1. Amide H of residue 15 versus every other amide H placed in the peptide plane: which residues, excluding those fewer than 5 positions away on the same chain, fall under 5 Å?
2. Near residue 209, within a Cβ-to-Cβ distance under 14 Å, what is the net charge of the other residues, with Lys and Arg +1 and Asp and Glu -1?
3. Over region 108-243, what percent of the accessible surface lies on carbon and sulfur atoms, probe 1.4 Å?
4. When the chain is fully extended, how far beyond the present Cα-Cα distance does residue 15 get from residue 177, taking 0.36 nm per residue of separation?
5. Report, in cubic angstrom per residue, the convex hull volume of the C-alpha atoms of region 1-139.
6. Can you give the accessible area of residue 72 in Å² (nearest 10), computed on protein heavy atoms with a 1.4 Å probe?
7. Heavy atoms only, 1.4 Å probe, whole protein assembly: order 224, 110, 168 by accessible area, highest first.
8. List, in order, the whole-Hz ³J(HN,Hα) value for each residue of region 228-235 obtained from phi through the Karplus relation with A = 6.51, B = -1.76, C = 1.60 and θ = phi - 60°; use x for Gly and Pro.
Amino acid sequence: RHQLRSFRNPYLKHCHEITIAGDSLYMTSTGFDSVLEYDLVGSRFVRGYCLRFHPVWRIRRKIPVRPRPSFRTFDPESSDGPSPGDTCHINNVHVESGSVFVTGTGLASMWRIRDGHLDRFARIPYGSHNARPYRGGILLNHTRTDRIAFLDRRARVERTFPLPRYGMEDLRNAGISSDQARAAFGRGLAVVDSNFFVGGSSPATVTLYRFDRQQPITSINITMDVRNAVHGLEPWPSEVGDS
């Protein structure tokens, strides 16, 4: 495959998850506590959203309190954007019904941006990945507990779905420090429809689940090296009807 085009922005640093809604591409800029919006038709950055904690909350964020980050919009093509910083580790963005949903491992909340305003849409556990609204609740990778979880908007777990496990003798590089890589690290989540979704995990495994069944339907492993973890997933083609 050949690269068709690329683009840069001074406020785009350590980009994690991205998503497309209509003619706009939204990308997380973890190194600037921001989400950037790019017009795919006009080929230009049109808007930035910055969520940032005061440094004192960065120190105290393990305390069971959920502070509200400061919020501002900015023009990514101007010089008045935010300074570099990673106070909440924004790493996921989801767009639905005109709202932009932002999460990060240090936020403990799903924040919704709508009509230029920020509000807390749901509570989620610290350290979670890939959170998104689903069936009236929140679906996410509950990474610290090695499972996918469906929560209500108060962060109460209603259903869980285990990630695949492998025997230690089958794993490669299983002896490295767990803060570098570990088996059953949940990352990557894609909704197929209202009944089915797909989760990613390490070592490089993609697993299909059905909402009304706890155990996986099927799973595909690409490599047994724990250093290789799935991070992003997306159904293709995207026009998939409900099953």
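The values are calculated or read from the model by the stated rules, or taken from the named source; none is laboratory data. This is a predicted model, so every value here is computed, not measured. All Cβ positions, glycine included, derive from the backbone under ideal geometry; neighbour counts span all protein chains shown. With ligands, DNA and RNA removed, areas are computed over all heavy atoms of the protein, side chains included. Shrake-Rupley method; radii C 1.70, N 1.55, O 1.52, S 1.80 Å.
1. The list, which skips near neighbours in sequence, is 30.
2. Details: positive: 135, 147, 159, 210, 213; negative: 193, 212.
After counting each charged neighbour, the total is +3.
3. Numbers: 3200 of 6910 Å².
For region 108-243, the apolar C and S fraction of the accessible surface comes to 46 percent.
4. 55.9 nm
5. On the way: hull volume 17.3 nm³, N = 139.
So the per-residue hull volume is 124 Å³.
6. Accessible surface of residue 72 is approximately 90 Å².
7. Numbers: 224 45, 110 0, 168 130 Å².
If we order 224, 110, 168 from most to least accessible, we get 168, 224, 110.
8. 9, 10, 5, 10, x, 9, 7, x
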